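**Q** Handing you a structure now.
The values are calculated or read from the model by the stated rules, or taken from the named source; none is laboratory data. Because the structure is a prediction, the values reported are computed rather than measured. FYI the Cβ positions are ideal-geometry reconstructions off the backbone, even for glycines, and counts take in every protein chain you see. Heavy atoms of the whole protein, side chains included, go into the accessibility calculation; ligands, DNA and RNA do not. Shrake-Rupley method; radii C 1.70, N 1.55, O 1.52, S 1.80 Å.
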Amino acid sequence: MAAYSLQASSGIASMHIQLKPHSDSQSFNSLALSSQLQRVFLKSSVKTRKVKERISASVKTQSSSDTMKVDITLSPRVNSVKPSKTVAITDQATALVQAGFSVIRLAAGEPDFDTPATIAEAGIIAIREGYTRYTPNAGTLELRSAICHKLKEENGISYTPDQILVSNGAKQSILQAVLAVCSPGDEVIIPAPFWVSYPEMARLADATPLILPTSISENFLLDPKLLESKLSEKSRLLILCSPSNPTGSVYPRKLLEEIAQIVAHHPRLLVMSDEIYEHIIYAPATHTSFASLPGMWDRTLTVNGFSKAFAMTGWRLGYLAGPEHFVAACGKIQSQFTSGASSISQKAAVAALGLGYAGGEAVSTMVKAFRERRDFLVKSFGEMGGVKISEPQGAFYLFLDFSSYYGKEIDGFGVIDGSESLCRYLLDEAQVALVPGDAFGDDTCIRISYAASLSTLQAAVERIKKALISLTPAVPA
């Protein structure tokens, strides 16, 4: 039995892993992690305890003449924020692969395709032609004009370049918007399941995340009546994500119109519409931009970017569109934070928007592959007992209810008491890295990313099925 000492690249957890060789030298049957190390790997490394508003901490440093104490106290704001579980799991699964383990990684929210050649070439040309200097803080006029054209033609919403702010990824766009419009004590309304960063961004703004649950039986879509019952004078921002991460749900226009009617009765309430997955959508579903609805332009902050549809995650480029008052405020934050986005990435983004409506053939080819993978996984898990499915209409995630498997005790592992322990078990037994649903606000489910080749997904399904044989559902699904 070989032993390895592994330090995750995220710096969150250190693991000592014992490796059991499989009869097939090219793969491994199981990953033997002690219960203590398993907790370090997923649970302790990403699940934080409540901390006091102020922690007094110091360390001693020895000099030649005396001893001085260095205050290593952290900000209460930082202590209130949980680390991203998806980032932690992805980083650690990658570290396992680099250490020689046969782990199938289905945790990352990242397309497995290369950036289309036309886009990449535009970036290369920008470098060769010396387009490598700072750009205006808000982004180049060329790119902002192209974004305005895209929003008008594809989304039916009109903006001018001064109503567009280009940032280093849509994540930065969202955070800056939350910081710009929220005050201490404000509530940020977030339907669950949610993208892991939404609540933490609210906390960074000293606002309170108010989580509204949804149901798999309703395709994880927000109930307008529930929304209406929870709104108050503290309600400042409603965050909608369609197509959704982690569920793949797409809000139909009629439902968005019902939500808009409710929003219209609350003057303080703004809406952030996260549309980063808009082009990864499966007919007959269609995308509707919230700002295009009657009366909603003035109070909607639309966020989009290039990472998902154009397979440009590493280029780090997103944008915000909205009323100039709000966009200028976000720009003020950005000017003191990162300044403008990469000049090279912006040239590549102009090329991306020039590919044609909805990304043209390059994007449609990727979407076709995603749909094939989705159909395979829906069919495969639909044939398994104890699994509930809401078929995704967009993005590249399955959010499956495995709660019928909870309550089972496994010799040498312990009790499967929730999504996190089930993910640890599947990593241990099947060597498949998935993200527990509790990271997204729904502990009954597990998120599976199908941004991987069909052959990889087929292998993952076989491993998961084999691992679940000993986990006969504790209760009927």
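**Q** In the range 279-311, whose amide N lies under 20 Å from the spot 7 Å out along Cα-to-Cβ of GLU257? List them in ranges.
**A** Under cut-off, by backbone N: 284-300.
**Q** Under 5 Å between amide hydrogens, which residues at least 5 positions from LEU317 or on another chain qualify, with H placed 1.01 Å from N in the peptide plane?
**A** GLY169, ALA170, PHE306, SER307
**Q** Let me ask you something else. Given Cβ point charges of +1 (Lys, Arg) and -1 (Asp, Glu) and nothing else, what value in debye, to the nearest 20, does the dipole of the range 110-235 about its Cα centre take?
**A** Around 260 debye, computed over the range 110-235.
**Q** Specify which residue in the list THR160, PHE326, VAL78 is farthest towards the positive end of the charge dipole of the chain, using unit charges on the beta carbon of Lys, Arg (+1) and Asp, Glu (-1), about the Cα centre.
**A** Sorting the options by dipole projection puts first VAL78.
**Q** Okay, moving on. Of GLY386, VAL363, TYR405, whose Cα points farthest to the positive end of the dipole of the range 320-432 (charges on the beta-carbon: +1 Lys, Arg; -1 Asp, Glu; origin at the Cα centre)?
**A** VAL363
**Q** Now for a different question. Any chance you could run the full-extension gain for GLU409 through THR365? It's 0.36 nm times the residue separation minus the Cα-Cα distance, nm to one decimal.
**A** 11.4 nm
**Q** Report in % the part of the accessible area of the chain that belongs to carbon and sulfur, leaving out ligands and nucleic acids; probe 1.4 Å.
**A** 51 percent
**Q** When only C-alpha pairs under 8 Å and at least 6 residues apart count, what is the relative contact order of the range 351-477, in percent?
**A** Dividing the mean separation by the residue count of the range 351-477 yields 25 percent.
**Q** Can you pull the one-decimal nm distance between simple spin-label points at THR338 and THR73, each 7 Å off the Cα toward Cβ?
**A** 3.1 nm
**Q** For the chain, report the accessible area per residue in Å² (1.4 Å probe, heavy atoms, rounded to an integer).
**A** Spelled out: the 1.4 Å probe surface of the chain, per residue, equals 45 Å².
**Q** Could you give me the ³J(HN,Hα) list for the range 426-440, computed from phi with Karplus coefficients 6.51, -1.76, 1.60 and θ = phi - 60°, whole Hz, x at Gly and Pro?
**A** In residue order, the calculated couplings are 5, 5, 5, 8, 9, 6, 10, 8, 10, 10, x, x, 5, 5, 9 Hz.
**Q** Also: Accessible area of VAL196, 1.4 Å probe, to the nearest 10 Å²?
**A** It works out to around 20 Å².
**Q** What's the Kirkwood radius of the range 178-286 in Å, using all Cα pairs?
**A** 14.2 Å
**Q** I need the phi-derived Karplus couplings for the range 455-469: 6.51 cos²θ - 1.76 cosθ + 1.60, θ = phi - 60°, integer Hz, Gly and Pro marked x.
**A** 5, 5, 5, 4, 5, 5, 4, 4, 5, 5, 4, 5, 5, 8, 4
**Q** Also, I was wondering about something else. Starting from the amide H of VAL435, placed 1.01 Å from N in the peptide plane, find each other amide H under 5 Å away whose residue is 5 or more places distant or on another chain.
**A** So VAL435 has HN proximity to ARG447.
**Q** Hey, another quick one. Counting only GluC sites (Glu not before Pro) that sit in a DSSP loop (anything but H, G, I, E, B) with at most 13 other Cβ atoms within 10 Å, what is the longest stretch of the chain containing none of them?
**A** 234-382
**Q** Now, a different point. Taking every pair of Cα atoms in the range 382-446, average 1/r, invert it to obtain the Kirkwood radius, and report Rg/Rh to two decimals.
**A** With Rg and the Kirkwood Rh in hand, the quotient comes to 0.97.
**Q** Quick one: Cα centre-to-centre distance for the range 307-380 and the range 236-284, in angstrom?
**A** 18 Å
**Q** Over all distinct Cα pairs, what is the inverse of the mean 1/r for the range 168-228, reported as the Kirkwood hydrodynamic radius in Å?
**A** 12.3 Å
**Q** Also, quick follow-up: Quick one: what are the phi-derived ³J(HN,Hα) couplings along the range 183-194, Karplus 6.51/-1.76/1.60 with θ = phi - 60°, whole Hz, x for glycine and proline?
**A** 10, x, x, 5, 10, 10, 7, 10, x, 10, x, 10
**Q** How much length, in nm to one decimal, is gained on full extension between SER453 and PHE113, taken as 0.36 nm per residue of separation minus their Cα-Cα distance?
**A** This chain segment gains 121.5 nm when fully extended.
**Q** Round to the nearest 0.05 the FRET efficiency obtained for SER470 and TYR357 when R0 = 51 Å and r is the Cβ-Cβ distance.
**A** Plugging the Cβ-Cβ distance into 1/(1 + (r/R0)^6) gives 0.55.
**Q** Using a simple charge model, +1 on the beta-carbon of Lys and Arg, -1 on the beta-carbon of Asp and Glu, nothing else, what dipole does the chain show about its Cα centre, in debye to the nearest 20?
**A** 860 debye
**Q** Given a cut-off of under 8 Å on Cα pairs at least six residues apart, what relative contact order in percent is computed for the chain?
**A** Value for the chain: 18 percent.
**Q** Report, in deg cm²/dmol and to the nearest 500, the calculated mean residue ellipticity at 222 nm for the chain, where each DSSP H run with n ≥ 4 adds -39500 (n - 2.57) and the sum is divided by the residue count.
**A** -10000 deg cm²/dmol
**Q** Also: Testing the spin-label approximation: label points 7 Å from Cα along Cα→Cβ at HIS149 and HIS265. State their distance in nm.
**A** Once both label points are built, they end up 4.3 nm from each other.
**Q** From the Cα trace of the chain, what convex hull volume per residue do you get, rounded to a whole Å³?
**A** Considering the Cα atoms of the chain, their hull volume per residue is 183 Å³.
**Q** Ok, one more. For the chain, take the longest principal axis of its alpha carbons; what is the angle in degrees between that and the long axis of helix 324-335, to the nearest 10 within 0 to 90?
**A** It is inclined by approximately 50 degrees.
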